[in-house]
Amino acid sequence: MSGLLHWLDRLLDATMPHLVAVPILVPMLTAALMLLLGEHRRRTKAALTVVSGLIGLLAALALLRWVNAVDTGTGPGSIGVYLPGNWRAPFGIVLVADRLSTLMVALTGVIAFAVSIYSTSRWDRAGVHFHPLLQLQLMGLNGAFLTGDLFNLFVFFEVMLAASYGLLLHGSGRLRVGAGLHYIAINLAASFLFLVGAALLYGVTGTLNMADLGLRIARLDPADRGLVHAAAAILATAFFAKAGAWPLNFWLVPAYSAAVAPVSAVFALLTKLGIYTVLRLWTVLFAPDTGASAQFGQEVLLAIGLSTLFVSALGITGTQRLSHLAGYAVLISAGTLLTAIGLGQPAVWAGALYYLLSSTLAASAFFLLIDMIERWRNAGASIAPHEKAGNAPFLSEDLTAIDNVNLDDEQQALYGRAIPAGIAFLGLSFVVCTLLLAGLPPLSGFLGKFAMLSALLDTPVISPANWSFLALLLLSGFLTLVALSRAGIRYFWTQPVSSMPALRALEVLPVAALLAASVALSIEAGPVMHHASDTAQGLFKPAAYRNAVMGARPVPNPPATKVSP
């Protein structure tokens with residue numbers, strides 16, 4: 001095994017830095033090929049989607065291994081820089097693979113591969129161009145994670161958003177059109193703010209390369225610092241809208257619940273892209289070594305994160321629709337991560353990165369699971385039949401208990417009856433999702449929250465912000481547990497089972513794989529937390545990132561050959 005790993009490491013060294021571009025090129029080329037095939041080749045497109053997802057996942061895992069395997073503890077050796085135009089930074093396009101970007105690309109690869117399989121069961125036939133739109137969205141996501149400058153970050157954002165507009169409307173229907181219009185409006189406004197903020201930054205600093213921006217902000221004249229801060233505030237507003245931060249997140253729950261299940265599962269990554277962008281730019285542009293701009297906006301980031309966490313925790317208790325529960329779980333995750341970033345403590349960031357992995361995998365699995373539960377219980381409706389009537393199936397009109405409620409249609413006792421395999425899978429998967437989203441032991445959701453809480457309590461002086469985050473973290477977990485337990489009782493205990501769920505392997509396997517990945521996070525918590533801790537330290541001291549990007553050199557041209565007359 002050691003010989004195989006050594007051979008793999010040599011292969012990775014040989015393919016770097018070109019491997020950095022693979023997660024972007026593969027979905028882009030796959031989408032182009034699909035558009036040439038036409039809509040009548042759906043099976044071929046489905047197969048291409050699965051193959052593309054597998055290649056993207058393998059490339060992401062290879063990058064993740066490379067940034068760890070070649071780490072020497074000094075920095076630049078663990079950062080891959082690719083110059084697509086062969087122009088050195090900051091004059092040319094730069095793709096950067098460090099610990100944070102490869103972690104996010106690997107997370108995208110896992111979810112994308114699971115969704116590509118799940119979508120082939122039936123949802124890809126609900127409309128046109130599903131598979132190419134999905135590939136373009138993955139291209140935008142991976143590109144945004146890997147890019148090293150603001151201009152291309154905007155380009156990849158727009159590629160991702162343009163594809164998400166079509167995916168949100170996939171399946172048609174009035175509900176999706178209404179949610180889609182709100183989604184498009186808020187994202188167009190955010191994109192406009194993105195452009196304004198980037199233009200202001202360029203006008204003051206003369207660059208849009210992230211590493212170069214951090215160097216130039218540290219040397220800014222005092223007269224120009226206010227403009228840079230204003231540009232950063234405008235950019236932050238755009239990214240907060242995309243991350244689902246309160247009060248700019250009113251669109252998220254209706255949009256995510258209206259989309260078809262595979263799309264909602266991928267959309268769980270979109271908020272994490274907003275979180276990633278806030279973390280990346282804040283740590284590079286306003287690092288502790290940037291002079292008077294160091295830690296700019298930390299108080300605002302903390303306040304927005306705490307507000308998002310509090311409002312989302314209340315929201316999850318006020319809804320009974322499964323898809324809305326999943327949407328609010330995404331918002332709770334966003335609030336938790338924004339607050340953790342705002343605390344500015346590397347130990348908290350390490351726990352937050354681990355929590356990011358767990359919460360995203362759980363939310364994506366939950367969206368897919370909801371599709372199967374609702375199709376089984378409500379013939380595809382989004383709410384249970386008894387909710388429409390305004391009563392509960394186990395109570396009479398005067399709210400007294402109904403006798404013989406534990407009897408089936410043949411008046412036979414339900415105690416001691418075997419649970420069908422389909423119901424057992426749905427029920428156990430729902431329990432696992434509940435444990436992950438609520439942060440209960442022994443799964444990875446608990447480990448991520450425990451790591452953050454341990455870091456909060458390990459400081460010499462615990463600030464009021466730390467206490468507030470601690471209280472809201474525990475409160476949100478408790479309210480999530482209450483909301484999901486209530487939903488589980490309603491869907492699995494109180495409604496009589498009139499039919500068995502018809503589950504296909506193409507639906508069961510992706511959900512099982514995502515939950516298995518969450519369990520694997522718990523089992524391999526040590527190595528994952530080590531990677532998260534190293535990532536947090538690199539973010540807190542971004543000198544290695546800047547040196548790697550600014551120090552990358554173009555490949556020299558081959559020597560000219562003389563042509564004899």
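The values are calculated or read from the model by the stated rules, or taken from the named source; none is laboratory data. What you are looking at is a predicted structure, and each value in this text was computed from that prediction instead of being measured. Please note: Cβ atoms are built from the backbone with ideal geometry, for glycine as well, and neighbour counts cover all protein chains shown. Note: accessible area is taken over every heavy atom of the protein model, side chains too, but ligands, DNA and RNA are not part of it. Shrake-Rupley method; radii C 1.70, N 1.55, O 1.52, S 1.80 Å.
See the values below:
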item	result
Residue in the stretch 16-37 that is closer than 30 Å to V94 by Cβ, at pLDDT below 75 and either part of a helix (DSSP H, G or I) or of a type outside the set (D, E) (or both) present	yes
The listed residue being over 29 Å from A268 (Cα atoms) and either in contact with a helix residue (DSSP H, G or I) (Cβ under 7 Å, 6 or more places away or on another chain) or not in a helix (DSSP H, G or I) (or both), out of N68, N86	N86
Single residue of A255, A232, A243, A211 found to be out of contact with any Asp or Glu (no Cβ under 9 Å at 6 or more places or on another chain) and under 20 Å from S101 (Cα atoms)	A243
Qualifying position, being open to solvent by 20 Å² or more (accessible area, probe 1.4 Å) and among the hydroxyl-bearing types (S, T, Y), among S307, S323	S307
Selected residue [open to solvent by less than 20 Å² (accessible area, probe 1.4 Å) and either in a loop (DSSP other than H, G, I, E, B) or over 19 Å from L133 (Cβ atoms) (or both)] from V110, V105	V105
Criterion: within 24 Å of the chain's Cα centre (by Cα) and surrounded by fewer than 19 Cβ atoms within 10 Å (Cβ to Cβ) - qualifying residue of F492, F450, F446, F469	F450
Checklist (1) closer than 30 Å to S454 by Cβ; (2) in contact (Cβ under 8 Å) with a residue 40 or more places away in the chain; (3) open to solvent by less than 60 Å² (accessible area, probe 1.4 Å) applied to P554, failing item	(1)
Single residue of the stretch 138-150 satisfying the filter (part of a helix (DSSP H, G or I) and open to solvent by less than 10 Å² (accessible area, probe 1.4 Å)) that is nearest to A265 (Cα to Cα)	L141
Single residue of T72, T49, T102 found to be of a type in the set (S, T, N, Q) and at pLDDT 90 or above	T102
Scope the stretch 177-232; condition of a type in the set (D, E, K, R) and open to solvent by 40 Å² or more (accessible area, probe 1.4 Å); matching residues	R216, R219, D221, D224
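To keep it simple, each residue is scored yes or no on (1) free of Cβ contacts under 8 Å to residues at least 12 places away in the same chain; (2) closer than 30 Å to D534 by Cα; (3) under 22 Å from the mean Cα position of the chain (by Cα); (4) crowded, with 24+ Cβ neighbours inside 10 Å.
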position: G80; (1), (2), (3), (4): no, yes, no, yes
position: S116; (1), (2), (3), (4): no, no, yes, yes
position: Q135; (1), (2), (3), (4): no, no, yes, yes
position: N152; (1), (2), (3), (4): no, yes, yes, no
position: L175; (1), (2), (3), (4): no, no, no, no
